[in-house]
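Trainee: This is the structure I have questions about; it appears just below.
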Amino acid sequence: MSTQNIPAKSITSCDRCKAVVSDGKARGTNWAYGGGLTLRRNALDHAGAAVADDSRMYDLCDPCLHAVAQAIAAAMEPPKRRPL
Ligand SMILES: [Zn+2]
């Protein structure tokens, strides 16, 4: 009888395009920035009180990180007011 230990392997994929960005190495293909996004928010009960953490964390490959960063920058622009 013999025992063989097989070490665990962590595979990270982009949460947007599903491409594998790391197969256990420090940084894989298209993951030079080691990018990701954390969206912080509370979960609310029926009365509107915060009852739990409902934050989300996303791993993003370099092209998707760039796309998401551009979308955030556009969303953070102040609303344009119509001229009077
Ligand atoms: Zn991606």
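Trainee: Which of the strands (runs of 3 or more DSSP E) found entirely inside the chain contain at least 3 residues meeting this: in contact with a Gly (Cβ under 8 Å, 6 or more places away or on another chain)?
Mentor: So the answer is 20-22, 56-59.
Trainee: Filter region 1-35 down to the residues that are more than 20 Å from HIS66 (Cα to Cα) and within 16 Å of the ligand (Cβ to nearest atom) and list them by number.
Mentor: Correct list: ILE11, ASP23.
Trainee: Hey, could you check region 40-84 for residues that are touching a Phe, Trp or Tyr at 6+ places or on another chain (Cβ under 7 Å) and not aliphatic (A, V, I, L, M) and say which is surrounded by the most Cβ atoms within 10 Å (Cβ to Cβ)?
Mentor: Among residues in region 40-84 that are touching a Phe, Trp or Tyr at 6+ places or on another chain (Cβ under 7 Å) and not aliphatic (A, V, I, L, M), the one surrounded by the most Cβ atoms within 10 Å (Cβ to Cβ) is CYS61.
Trainee: Scan region 11-32 for residues that are touching a residue at least 12 places away in the same chain (Cβ under 8 Å) and surrounded by 14 or more Cβ atoms within 10 Å (Cβ to Cβ) and jot them down.
Mentor: Within region 11-32, THR12, SER13, CYS14, ASP15, ARG16, ALA19, VAL21, SER22, GLY28, ASN30, TRP31 qualify.
Trainee: State whether one or more residues within region 40-58 are within 12 Å of the ligand (Cβ to nearest atom) and under 27 Å from ILE72 (Cα atoms).
Mentor: The answer is yes; a qualifying residue exists.
No lab work stands behind these numbers, since they all come straight from the coordinates. Predicted model, so just to flag it, every value in this text is computed and none were measured. Every residue, glycine as well, gets a Cβ built from its backbone with ideal geometry; the counts of neighbours run over all protein chains shown.
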